[in-house]
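Q: Let me begin by handing over the structure; questions about it come next.
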Amino acid sequence: MAPIISITSLTKSYTDGPTALDNVSLDIEAGEIIALLGPNGAGKTTLISAVCGLITPTSGTVTVCGHDIRRDYRAARALIGLVPQEVSIEPFETVWRTTRLTRGLFGKRRDDAHIETVLRALSLWDKRDTRCNELSGGMKRRVLIAKALSHEPRILFLDEPTAGVDVSLRRDMWALVRKLRDDGVTIILTTHYIEEAEEMADRIGVIDKGKLLLVEDKTVLMKRLGGKRLTVDLSEQLPAIPASLAKYDLKLGDDGMTLAYDYDTRAGRTGITRLLADLAAAGITLTDLDTQNSSLEDVFLQLVGENA
Amino acid sequence: MNIEAILAIYRFEMARFFRTVWQSMASPVLSTVLYFVVFGTAIGNRIQEVEGVPYGAFIVPGLIMLTVLQQAISNASFGIYFPKFIGTVYELLSAPISVIEIVIGYVGAAATKSIIIALVILVTSFFFVGVHIAHPFWMIGFLVLTAVSFSLFGFIIGIWAKSFEQLQIIPLMVITPLVFLGGAFYSASMLPPFWEGVARLNPVLYLISGFRWSFFGMADVPVGVSLFAVALFLAIGIGAVWAIFRTGWRLRA
């Protein structure tokens, strides 16, 4: 199936500043939840802004359902709902009116029943006649989501949806996102909380300094993450890995004094016992052993570190 | 054409107006009453007539024009500046709408508001002086064209402004002097020849003159010239807005 969003060589640079997006290419599949993970200032919001029409890219193309976002902006934008990171909301308008405005802006005929459904789903129905400046921060965020959903988008961008949000609202948002995905909405969310990406996403992209460093299925990434590494220190330098140990896929340290063994903690058999027996049988003596967890955080920090 | 979007913007802006309708109305009506008291009654007792029109009635078109220009500019500039200021402009930029539609929505609403206020002032003036409108059709025509032109200027100011101070400086420093010097309260022919020549350089003179002609059938300049001036304002406004949006100036980085 053709990707619902196709980003090709997208670059955004400012004349008096750094390159905010550096040749980013990414295909987003219909119906998936993709999380863009990266530190503050990595370019996540710039990427979203370029796709949604808030900024004009320096070069590169983006198509949404085959519609070019510049040539065919009406068709492209009509499919997209955007929940911005900043809580920008008309202070003196009621929840109802501001939500209806968004639906109109996106060219949709007035449909009070749909707006009622959206407001109820976000627990905003009782607040529909409340002015936005009288709402709590969490409620304002819900209003932004309601506005984005008011025009029945097929794609939803959530820019840092849970930044500064309490735990219960975060759980609510996650539940809502899952429900939207079940309804067939494609969701792109940015976050700098790794646990959020782990919890929500089908795929995870890591972005830093305007570059997309990696996009991977979460399960694949988690396999890397569920892995552990056993490192054994040797008493004598080993010139090469003996043939009897080939099946363990060991990695010999540069100095020949360590062996590393990667295994999956979630597997029924880790192979450690047999490895240690085979090491002894091969006449290799150990001075120490050490095991390390790898986590998404490690992968992330490693990727971001390499990019520094 | 995204008609729904134009209507959404228009209704949203008009709702703001009607929500604060008493504030919106009170200030222009109060200042108009003050002008009538000071100019119409106090000074008018000594001037009596200007070219056959009682002075109290003579100033009515100028007062309406003064209000229309101020209201059109301030409403339109605030209408687009406020979303920029609070950040909700993201919605306009991400919506499937063209610049033309944004302009029609905001300028249409600002023009409507200023016309409503103008008509309220006209009605208010009936309480003070007997005003007879010789050419009602032309009166409405001048009113609408002026309101639209200056709403366009206001829209440009709102796009240009980076602070509330900048938002207010043009109406305060440019429009008010031009209206006062444009014959709102006197006929240009009452000035010495040199200053009459200077006054004719003031574009607003042609607006007030044409508008006054539609009331009393008399004017400083031929009504055709006034009509041409209004059309020119409109063309400049449309041209400037078009140029701004072709370049995405100050809206989209």
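The values are calculated or read from the model by the stated rules, or taken from the named source; none is laboratory data. Everything quoted here is computed from the prediction, not taken from an experiment. As a convention, Cβ positions derive from the backbone with ideal geometry for all residues, glycine included, and neighbour counts pool all protein chains shown.
Q: Being in contact (Cβ under 8 Å) with a residue 40 or more places away in the chain and within 17 Å of A:Thr117 (Cα to Cα) narrows it down to one residue among A:Arg142, A:Arg181; which is it?
A: It is A:Arg181.
Q: Counting residues that are more than 14 Å from every other protein chain (Cβ to nearest Cβ) and over 22 Å from the mean Cα position of the chain (by Cα), which helices (runs of 4 or more DSSP H) fully inside the stretch B:1-54 reach at least 3?
A: Details: elements: B:3-19, B:21-35, B:44-47.
Filter on the stretch B:1-54 gives B:44-47.
Q: So in the stretch A:283-308, with the set limited to residues that are at pLDDT 85 or above and either in a helix (DSSP H, G or I) or surrounded by 13 or more Cβ atoms within 10 Å (Cβ to Cβ) (or both), which one is farthest from the chain's Cα centre (by Cα)?
A: Per the criteria, the residue is A:Ile284.
Q: Could you say whether any residue in the stretch A:264-273 is touching a Lys or Arg at 6+ places or on another chain (Cβ under 9 Å) and part of a strand (DSSP E or B)?
A: The answer is yes, given that some residue of the stretch A:264-273 is touching a Lys or Arg at 6+ places or on another chain (Cβ under 9 Å) and part of a strand (DSSP E or B).
Q: Inside the stretch A:131-245, counting only helices (runs of 4 or more DSSP H) that do not spill past its ends, which hold 1 or more residues that are of a type in the set (Asp, Glu), over 22 Å from A:Thr98 (Cβ atoms) and modelled with pLDDT under 85?
A: A:194-200
Q: B:Asn75 is checked against (1) surrounded by fewer than 16 Cβ atoms within 10 Å (Cβ to Cβ); (2) away from chain A (no Cβ under 14 Å) and fails just one. What number does that condition carry?
A: Unmet for B:Asn75, out of (1) surrounded by fewer than 16 Cβ atoms within 10 Å (Cβ to Cβ); (2) away from chain A (no Cβ under 14 Å): (1).
Q: List the number of the failed condition for B:Tyr81; all other conditions in (1) farther than 21 Å from B:Val33 by Cβ; (2) more than 14 Å from chain A (Cβ to nearest Cβ); (3) out of contact with any Phe, Trp or Tyr (no Cβ under 6 Å at 6 or more places or on another chain) hold.
A: Unmet for B:Tyr81, out of (1) farther than 21 Å from B:Val33 by Cβ; (2) more than 14 Å from chain A (Cβ to nearest Cβ); (3) out of contact with any Phe, Trp or Tyr (no Cβ under 6 Å at 6 or more places or on another chain): (2).
Q: If I filter the stretch B:45-68 down to residues being at negative phi and without any contact (Cβ under 8 Å) to a residue 12 or more places away in the chain, which single residue comes out as surrounded by the fewest Cβ atoms within 10 Å (Cβ to Cβ)?
A: It comes out as B:Arg46.
Q: Can you pull out every residue in the stretch A:48-70 that is closer than 23 Å to A:Thr99 by Cβ and assigned to a loop (DSSP other than H, G, I, E, B)?
A: A:Gly53, A:Leu54
Q: Taking the residues in the stretch B:118-148 that are surrounded by fewer than 17 Cβ atoms within 10 Å (Cβ to Cβ) and aromatic (Phe, Trp, Tyr) as candidates, determine which candidate is nearest to B:Ile238 (Cα to Cα).
A: The extreme case among them is B:Phe137.
Q: Scan the stretch A:71-85 residue by residue and report those that are at the interface with chain B (Cβ under 7 Å from one of its Cβ atoms) and either surrounded by fewer than 18 Cβ atoms within 10 Å (Cβ to Cβ) or in a helix (DSSP H, G or I) (or both).
A: Within the stretch A:71-85, A:Tyr73, A:Arg74, A:Arg77, A:Ala78 qualify.
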